Amino acid sequence: MNILFVHRDFPGQFGALAERLAQSTHHRVAFVTSADVILPGRIMVRRFHAKRRPSASTHHYLHGFEAGVLNGQAVFEACHALHEEGFVPDVIFGHCGWGVALYLREVFPKARFIGYFEWYYHPHDADADYLDPNGMTPDNACRIRTLNAPLLMTLEDVDFGLVPTAFQRSQLPASYQHKLQTLHDGVDTEYFKPDAAACRRFGDVELRGVNRLLTYATRGLEPYRGFPEFMRALVGVLKAEPDVVVAVAGQDQTFYSRRLPDGETYKERMLRELPQLDLARIHFLGTLPRDDYRRLLQISTVHVYLTVPFVPSWSLVEAMSCGCHIVASDTEPTREVLGDQTAAHFIDHRDVAQLEKVLRQALAQKDTASKLREAARSRAVSHFSQASLLPEWERIALGASNKVG
């Protein structure tokens, strides 16, 4: 049977399933993506690129929608080329963000369409107003509501939808819940596993001899992932704990949060705001290669994961899988992923004084730290092991394709 995957990125949530299905000579697998990737084996890769960026003259509520239309148009053309080559899918897995799945039905109307949904936007009582409950303007609320337009169009088109967590599913409209199933894509828990003897050198940064290492790792150093609060808490932590060293992994970019004026980054702003920080003990490692990132988690004394109520990062599960001693935001998505308090310390990270206190307490723990580490690792393996979850993804793919008619 023919299986098509559509995702802006690779591997994204579909890479492992695509590679698994492609191992069978009974399947033909195609992957449409904007990622510049060369895949060995039997996966046909077709790339798409939007012809232009959204117009500056477009109403600002519609910038995201226009970007989605441009992406959808580019995907349509890539899929149409596949169709011309004779590839007609029985089943499609399409990520429903960025507009990439908008027009798949126009190319392949008979395929069984399985959508993957990560986030439905709400201006109130979720991510957008979490850090500043009184700061939501009517104009911004309207803009945020409009961001859902491409996703709602795709919700209408799909036969079936997958959502990685119950929290994320709860954000989607009630009228579509009958189409949805909660199923995480998982992480490689055999790759991300504890190793206290892991190498402690990261380029020019040597961490051998560090007594207590406080780690923070995220895609972007920004408010959505608690970066400003973390930096503010470090002032007191480093002053009170002279043997603590900090390692920060992530891009000095903004992906989800409001951008600062004049191109300033949140790292730049925090360093300007906090001149008293002992920067000799804070190592900004940037985006690490996968093996180096794993080593950072493996040697961590205390690992910090902060977030507004939003999409929970793979990095949280990867830290759990490595047996990290975790301090996490007390938000619904982190509670769902981590379970109860036996696997982490939970904190409202908006309270910087309390965050500092909990970080210092965690860094001082020895007896209870091992139990928290074991509980985090156990939960990652039992709930988020890719090896355990992948057969269910495969069953859905093959079962869905058998229903095409």
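The values are calculated or read from the model by the stated rules, or taken from the named source; none is laboratory data. Being a predicted model, the structure only gives us computed values, none of them experimental. FYI the Cβ positions are ideal-geometry reconstructions off the backbone, even for glycines, and counts take in every protein chain you see.
When you look at F113, is it under 20 Å from the mean Cα position of the chain (by Cα) and at pLDDT 95 or above, yes or no? Can you show your working first?
Numbers: under 20 Å from the mean Cα position of the chain (by Cα): no; at pLDDT 95 or above: yes.
In short, no.
Identify, please: which residue in segment 202-231 is charged (D, E, K, R) and crowded, with 18+ Cβ neighbours inside 10 Å and is, among those, nearest to R360 (Cα to Cα)? Quick ask: steps written out before the conclusion?
Taking segment 202-231 as the starting set, the residues that turn out to be charged (D, E, K, R) are 204, 206, 208, 212, 219, 222, 225, 229.
Next, only the ones that are crowded, with 18+ Cβ neighbours inside 10 Å stay: 222, 225, 229.
Working: E222: 22, R225: 20, E229: 15 Å.
Across segment 202-231, the extreme among qualifying residues is E229.
Determine, yes or no, whether L238 is touching a residue at least 40 places away in the same chain (Cβ under 8 Å), aliphatic (A, V, I, L, M) and part of a helix (DSSP H, G or I).
Details: touching a residue at least 40 places away in the same chain (Cβ under 8 Å): yes; aliphatic (A, V, I, L, M): yes; part of a helix (DSSP H, G or I): yes.
Yes: the conditions hold for L238.
Looking at segment 99-127 only, could you name the residues that are assigned to a helix (DSSP H, G or I) and surrounded by 17 or more Cβ atoms within 10 Å (Cβ to Cβ)? Step through it out loud before you land on a result.
In the first step, residues of segment 99-127 are kept if they are assigned to a helix (DSSP H, G or I); the result is 104-107.
Scanning segment 99-127 gives L104, R105, V107.
I want to confirm something. Restricting to segment 241-271 and keeping residues that are touching a residue at least 40 places away in the same chain (Cβ under 8 Å) and part of a loop (DSSP other than H, G, I, E, B), which single residue is farthest from the chain's Cα centre (by Cα)?
E241
Could you list, in sequence order, all residues of segment 46-89 that are charged (D, E, K, R) and more than 23 Å from the chain's Cα centre (by Cα)?
Within segment 46-89, R46, K51, R52, R53, E66, E77, E84, E85 qualify.
Mind telling me which of the residues T265, T287 ends up being under 30 Å from N140 (Cβ atoms), in contact with a strand residue (DSSP E or B) (Cβ under 6 Å, 6 or more places away or on another chain) and outside the structural domain of L147 (by TED's automatic domain parsing)? Can you show your working first?
Values: T265 fails: in contact with a strand residue (DSSP E or B) (Cβ under 6 Å, 6 or more places away or on another chain).
So the residue among T265, T287 that is under 30 Å from N140 (Cβ atoms), in contact with a strand residue (DSSP E or B) (Cβ under 6 Å, 6 or more places away or on another chain) and outside the structural domain of L147 (by TED's automatic domain parsing) is T287.
One residue is enough: does segment 84-95 have a residue meeting the conditions out of contact with any helix residue (DSSP H, G or I) (no Cβ under 9 Å at 6 or more places or on another chain) and in a helix (DSSP H, G or I)?
Looking through segment 84-95, at least one residue is out of contact with any helix residue (DSSP H, G or I) (no Cβ under 9 Å at 6 or more places or on another chain) and in a helix (DSSP H, G or I).
Let's see how each residue does on (1) out of contact with any Phe, Trp or Tyr (no Cβ under 9 Å at 6 or more places or on another chain); (2) in contact (Cβ under 8 Å) with a residue 24 or more places away in the chain; (3) within 26 Å of V91 (Cβ to Cβ):
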{"position": "T342", "(1), (2), (3)": "yes, yes, no"}
{"position": "H345", "(1), (2), (3)": "yes, yes, no"}
{"position": "L363", "(1), (2), (3)": "yes, yes, no"}
{"position": "K366", "(1), (2), (3)": "yes, no, no"}
{"position": "A375", "(1), (2), (3)": "yes, yes, no"}
{"position": "A380", "(1), (2), (3)": "no, yes, no"}
{"position": "A387", "(1), (2), (3)": "yes, yes, yes"}
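Quick one: which residue in E229, E222 is assigned by TED's automatic domain parsing to the domain that holds L316, under 19 Å from the mean Cα position of the chain (by Cα) and under 18 Å from L306 (Cα atoms)? Step through it out loud before you land on a result.
Working: E229 fails: under 19 Å from the mean Cα position of the chain (by Cα).
The unique qualifying residue is E222.
Looking at (1) crowded, with 21+ Cβ neighbours inside 10 Å; (2) under 18 Å from L131 (Cα atoms), which is the one condition that is false for V352?
The failed condition is (1).
Scan segment 2-20 and report the pairs whose first residue is of a type in the set (K, R) and in a loop (DSSP other than H, G, I, E, B) and whose second residue is at pLDDT 95 or above and crowded, with 24+ Cβ neighbours inside 10 Å, with Cβ atoms within less than 7 Å and a gap of 6+ or a chain change.
R8/T33; R8/V100
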